[in-house]
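The values are calculated or read from the model by the stated rules, or taken from the named source; none is laboratory data. Keep in mind that this is a model prediction, so the values were computed, not measured. Here the Cβ positions follow ideal geometry from the backbone for every residue, glycine too, while neighbour counts run over all protein chains shown. In case anyone asks, the SASA skips ligands and DNA or RNA and just uses the protein heavy atoms, side chains included. Shrake-Rupley method; radii C 1.70, N 1.55, O 1.52, S 1.80 Å.
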Amino acid sequence: TYSWTPATAGTIDDPTSPTPNVTPGFTTTYSLVVTSNGCDSDADQVEVIVGTQPTSNPGANETICLGSEVQLDARAAGDPNASTYTYSWSPAIGLSDPDIPNPIASPDVTTTYTVSASSNFGCGSDDATVTVTVETTPEVEALSQDTVKCAGDTIA
């Protein structure tokens, strides 16, 4: 006979099965004891590591002038078991690299960027957005021709 512990209802489908299905809500170590002919085996353990869904925060909206750039900075957190996160930004237009946490954005028009992060366990975050507003650059044009005047003269 097989005996898995913990045998918490809803997290293990059959604690007497040699191959139960488990769905723990957090990282759990399961122990197995096998009994045969009235003798118990030593317990053996298996750890099921549960990665949680991370959150992604791309920071505050930014405003730049046309032709300028700003560094975006996504930060993922929330998966205590994760040692690394990968990032994906879209659209990729105007970004130095859509697969890093902190790309340089230099869009030609106001653009809302979406970022998601995934932990090294493959758990992905919900999408988060940041808008880079592009202000138009003013154009300057002198209204008069170059003029030579003496010191103290006025120009009308």
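Side notes on the structure shown:
- Ordered from largest to smallest accessible area (heavy atoms of protein chains, 1.4 Å probe), the residues Trp4, Trp89 come out as Trp4, Trp89.
- For the chain, the Kirkwood estimate of hydrodynamic radius, built from reciprocal distances between every pair of different alpha carbons, is 20.8 Å.
- Surface accessible to a 1.4 Å probe, per residue, for the residues of the range 43-95, Å²: 61 Å²
- Scalar couplings 3J(HN,Hα) for the range 11-19, obtained by applying the Karplus form with A = 6.51, B = -1.76, C = 1.60 to θ = phi - 60°, are 10, 9, 6, 8, x, 9, 8, x, 9 Hz; x denotes Gly and Pro.
- For the chain, the relative contact order works out to 19 percent when only alpha carbon pairs closer than 8 Å and six or more residues apart are counted.
- Dimensions (Å) - the range 36-77, Cα atoms, principal axes, largest first: 80, 13, 9
- Accessible carbon and sulfur surface of the range 1-97 relative to its total accessible area, %, 1.4 Å: 52 percent
- The range 1-102: GluC sites (Glu not before Pro) in DSSP coil with no more than 10 other Cβ atoms inside 10 Å: none
- Quick note on the range 91-150: its Rg to Rh ratio, both from C-alpha atoms and Rh being the Kirkwood radius, is 1.40.
- Euclidean distance of C-alpha centroids, the range 44-110 and the range 112-148, integer Å: 16 Å
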